[in-house]
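Okay, so here's the structure we're looking at.
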Amino acid sequence: MFINDLTDRLSSHALLYADDLKIFTSVDRKSNALVLQNDLKVIDDWCSSNKMSLNVDKCCVITFTKKKNRFVHSYYIRDQLISRRDTVRDLGVLFDEQLTFRPHYDQIVKKSNRALGFIIRTTKDFRKPRSVLYLFNSLVRSILEYCSPVWSPYYNVHIENIERVQRRCLRYISRKNHYGRSLKDYSERLTEFDVIPLSTRRRRYDLLYLHKILHSRIDAPDLLSSLSINTRHRSRGSKSNIFAIQAYKNNTSYYNPLVRMCRAYNELARAGKDIDVFNSKFPQYKKAISDLLKNDETTASPGGNGG
């Protein structure tokens, strides 16, 4: 409440979360950069007037673009140059300049492998496989799935690197409980321990997030206004797409979160699956999506059947 009035003074776009502020705009010429620079001056003046101390060393600037010849400008607060970075952490997710999320993939895989190593070292005397799975789900899988609708990977190399962490866990449980000879494949271990591939779980989160946006369970009017319904779609059995999706020229646009969610729903709807994102209440929709993805043959583990 103390800082909400600050954004009313800015010419650039602004995002607030608690006491964290991000300002941004499209910059392809000096005049755009000067607008950002002026907003920085407005922020600094506001902080001085309200007796708040702004730590310039914690401020940074990043340019999101895929252009080779990008426009880069230097920004200052109180004559102190703001550091420029190629990767920034925002609410626990690493964003790189081209929005590939590769640094985030590397970080969560490394962090989750360390957590899994801790579990393996401390559960040598555990007898029940389910106990190890509980620890994995709470301490490891949570790392691999945090904010997945934002960064869900689309290249197989990244999908497999993330999945490999769960493979390692199930292989450990299988060997520990002497299932090694009977459960040689990842798919068999998934079935035996009633576990779903991480790639399938991310797809489920996408579909649930779409429902939340449509029914305003998430306060995101900009996302809601970006959804385009195909008016030619007539019935559940129709082969047309429910959500209209335009053609995109690059992977970043083609796989952007909202488009990816709509595409996933269109695929299920075209296949005749019994789901209704518009009229179903969230608990019923959630159960329908979970049942569909769990039983769908297309959700076989990525990367083949190797252990």
* Tell me, what % of the accessible area of the chain is carbon and sulfur with a 1.4 angstrom probe? -> 49
* Compute the long axis of helix 282-295 from its Cα atoms, compare it with the longest principal axis of the Cα atoms of the chain, and write down the angle in degrees, 0 to 90, nearest 10. => 50
* To do: Determine Rg/Rh for the chain; Rg is computed over alpha-carbon atoms and Rh is the Kirkwood hydrodynamic estimate from the same atoms.
  => 1.03
* To do: Can you tell me the 0 to 90 degree angle between the C-alpha axis of helix 198-214 and the longest principal axis of the chain, rounded to 10?
  => 50
* Using a Förster distance of 45 Å, the FRET efficiency for Asp45-Lys249 (Cβ separation, nearest 0.05) -> 0.60
* Full extension from Val259 to Glu160: what is 0.36 nm times the residue separation minus their Cα-Cα distance, to one decimal in nm? -> 33.4 nm
* Could you please report the charge total around Ile62, scoring K, R as +1 and D, E as -1 over all other residues with beta-carbon less than 9 angstrom from its beta-carbon? => -1
* Under a 1.4 Å probe, what is the accessible area of the range 1-149 per residue, stated in Å²? -> 66
* Asked: With axes computed from alpha carbons, what is the tilt in degrees of helix 156-176 against the longest principal axis of the chain, rounded to the nearest 10 within 0 to 90?
  -> 40
* Asked: From a point 7 Å beyond the Cα of Val150 in the direction of its Cβ, which residues of the range 80-100 have a backbone N at a distance under 16 Å?
  -> 87-100
* Asked: Applying 1/(1 + (r/R0)^6) with R0 = 25 Å to the Cβ-Cβ distance of Val88 and Leu139, what FRET efficiency is obtained, to the nearest 0.05?
  -> 0.45
* To do: Give me the number: length gained by fully extending Ser53 to Arg70, i.e. 0.36 nm times residue separation minus the C-alpha to C-alpha distance, one decimal in nm.
  => 2.8 nm
* Length gain on complete extension for the stretch Phe2 to Gln98, per 0.36 nm per residue less the alpha carbon to alpha carbon distance? -> 31.2 nm
* Structure fact -> Residues whose modelled amide H sits under 5 Å from the amide H of Val93, counting only those 5 or more places away in sequence or on another chain, are none
* Asked: Anyone know which of Arg204, Arg171, Arg89 comes out most mobile in the 10 Å Cα GNM of the chain?
  -> Arg89
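The values are calculated or read from the model by the stated rules, or taken from the named source; none is laboratory data. As the structure is a prediction and not an experimental result, all values here were calculated from the model. Counting neighbours? That spans all protein chains shown, and the Cβs are built from the backbone with ideal geometry, glycine included. Only protein heavy atoms, including side chains, enter the accessible area calculation; ligands, DNA and RNA are left aside. Shrake-Rupley method; radii C 1.70, N 1.55, O 1.52, S 1.80 Å.
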